[in-house]
Every structure is written in structure tokens, then in C-alpha cells.
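Take a look at the structure below.
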Amino acid sequence: MANAGLQILGFALAMLGVIGLIIGTILPQWKMSAYVGDNIITAIAMYEGLWMSCAFQSTGQIQCKVYDSILQLNGALQATRALMIVSIIVTIAGLGVACMGMKCTNCGGDDKTRKTKIALTGGIIILIGALCAIVACSWYAHDIIQAFYNPFTPVNTKYEFGSAIFIAWAGSFLTVVGGGMLAASCPRSKSTPKYPISRPPSSTKEYV
């Protein structure tokens with residue numbers, strides 16, 4: 001029963017993590033204009049995401065523009081795009097596999113050992129998807145930090161972390177915890193003793 005509860009909790013956390021990954025991937029606030037130097041007071045706030053860039057004016061108007069060509073994007077953005085998409089697809093596939101192996105479902109047959117192995121496989125697949133998301137977010141964050149501290153970068157083009165990258169990080173963390181719970185729900189097999197079992201002495205006595 002405890003393993004079933006652990007599986008349900010892990011599945012729920014992984015599901016919330018996938019939702020966070022999807023929301024973080026869609027939102028354009030992966031990086032926002034940094035208010036440093038002469039750029040402290042400005043009427044326009046610039047945001048850039050994986051798919052578009054947006055300008056938020058002080059009047060409340062929002063103007064967004066989708067990136068025209070993939071070839072014009074830098075390597076970090078292209079890699080982050082690919083890794084986030086792969087992470088979402090792999091994690092959803094892992095949730096499907098784990099669902100078949102959970103004790104509270106009727107999928108995967110009635111063999112408990114087989115269902116446990118299926119749940120373990122699903123947890124490992126979810127962990128792989130979470131790892132892809134962590135690498136993507138960390139890569140993009142490193143690119144932001146590197147450009148921010150570059151002395152040759154103009155002050156008005158410096159960016160800092162936006163809210164979307166934190167949402168993606170939170171989704172990655174929840175996915176790691178959920179996948180780890182699903183993988184840890186596999187009970188350890190009991191080891192059988194290798195030494196011969198001693199038998200009690202026979203009660204009958206033989207007389208010569």
C-alpha cells in the first residue's frame with residue numbers, strides 16, 4: 001500500500017512538472033531587459049523567449065514578434081528549443097509507461113513483478129526527460145550570464161532572467177522528484193539464503 005501511495009504521489013508531481021515545462025516553453029519571458037546603467041528609467045520593457053520577442057510599453061500595450069528564421073537564432077536558443085521539446089515528449093512518454101505499471105491501474109496485466117518493472121522503467125524515462133530540461137534551462141541561463149558580464153555588450157541590450165525560465169526550472173525539479181519516486185517505488189527482491197537448510201534430527205532411532 002505504501003508503494004502505491006508513493007507511485008501516485010510521484011505521478012502527480014511528474015504531471016505538475018510537465019505542465020510547468022509546457023508553460024515555461026510557451027511563455028516569452030525567458031529573459032527580460034536589465035535596468036542597469038543609463039537603462040534604469042525606460043518606457044519599454046523587452047522580453048525574449050524561445051519562440052518570440054515582446055515589447056511591453058508603460059501604457060499597457062504589448063507587441064510580440066515571432067522569430068522569422070531559425071537560422072538567424074544563436075546556438076544556445078536553438079539547443080534550448082530542441083531540448084525543451086524533447087524533454088516534454090520524453091516525459092509524457094514516461095508518464096504513459098509509468099501509468100501502465102502503477103498498482104492502482106489495471107493496465108499491464110496482473111503480474112505484480114512485471115508491473116513494478118514497468119513503473120521503474122517509466123520513472124527512469126521521466127528522469128531522462130527532466131535531465132534534458134535542466135540542461136536546456138542551464139544552458140540558456142549561462143548564455144544570459146555570459147552576455148550580461150561581457151564588457152562589449154551595450155548596456156541597453158543586456159538581459160537578465162525572466163519568469164519563464166524559473167517556471168521551467170521548477171517544472172524540471174518537480175519532474176525529477178516525481179520520476180525518482182516512481183523509480184524508488186520498486187520493492188527490492190528478497191534474497192534467498194544460499195547455504196543449505198538444516199533439517200532437524202530424525203526422532204526414530206535405529207538399533208543394530
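With Lys117, Lys103 as the choices, which residue is part of a loop (DSSP other than H, G, I, E, B), touching a residue at least 40 places away in the same chain (Cβ under 8 Å) and surrounded by fewer than 19 Cβ atoms within 10 Å (Cβ to Cβ)?
That would be Lys103, the only listed residue that is part of a loop (DSSP other than H, G, I, E, B), touching a residue at least 40 places away in the same chain (Cβ under 8 Å) and surrounded by fewer than 19 Cβ atoms within 10 Å (Cβ to Cβ).
Does Met15 satisfy the condition of being of a type in the set (A, V, I, L, M), open to solvent by 50 Å² or more (accessible area, probe 1.4 Å) and at pLDDT 90 or above? Yes, satisfied. Pairs meeting the criteria (first residue in region 1-27 and assigned to a helix (DSSP H, G or I), second residue surrounded by fewer than 21 Cβ atoms within 10 Å (Cβ to Cβ) and at pLDDT below 90, beta carbons under 6 Å, at least 6 apart or on different chains) are Ala4/Lys103; Ala4/Cys104. Taken across region 160-167, residues that are out of contact with any Gly (no Cβ under 6 Å at 6 or more places or on another chain), on the phi > 0 side of the Ramachandran plot and either open to solvent by 10 Å² or more (accessible area, probe 1.4 Å) or polar (S, T, N, Q) (or both) do not occur at all. Give region 120-153 a look and list any residue that's open to solvent by 70 Å² or more (accessible area, probe 1.4 Å) and part of a loop (DSSP other than H, G, I, E, B), or say none. Of everything in region 120-153, those that are open to solvent by 70 Å² or more (accessible area, probe 1.4 Å) and part of a loop (DSSP other than H, G, I, E, B) turn out to be Tyr149, Pro151, Phe152. The number of residues in region 77-100 being over 14 Å from Asn3 (Cβ atoms) and either without any contact (Cβ under 8 Å) to a residue 60 or more places away in the chain or among the small types (Gly, Ala, Ser) (or both) comes to 14.
Can you spot a residue in region 177-192 that is in a helix (DSSP H, G or I) and at pLDDT below 80? Within region 177-192, none of the residues are in a helix (DSSP H, G or I) and at pLDDT below 80.
The values are calculated or read from the model by the stated rules, or taken from the named source; none is laboratory data. Computed from a prediction, not measured in an experiment: that's the story for all the values here. With ideal geometry, Cβ positions are generated from the backbone for all residues, glycine too; neighbour counts draw on all protein chains shown. We work out accessible area using only protein heavy atoms, side chains counted, and drop any ligands, DNA or RNA first. Shrake-Rupley method; radii C 1.70, N 1.55, O 1.52, S 1.80 Å.
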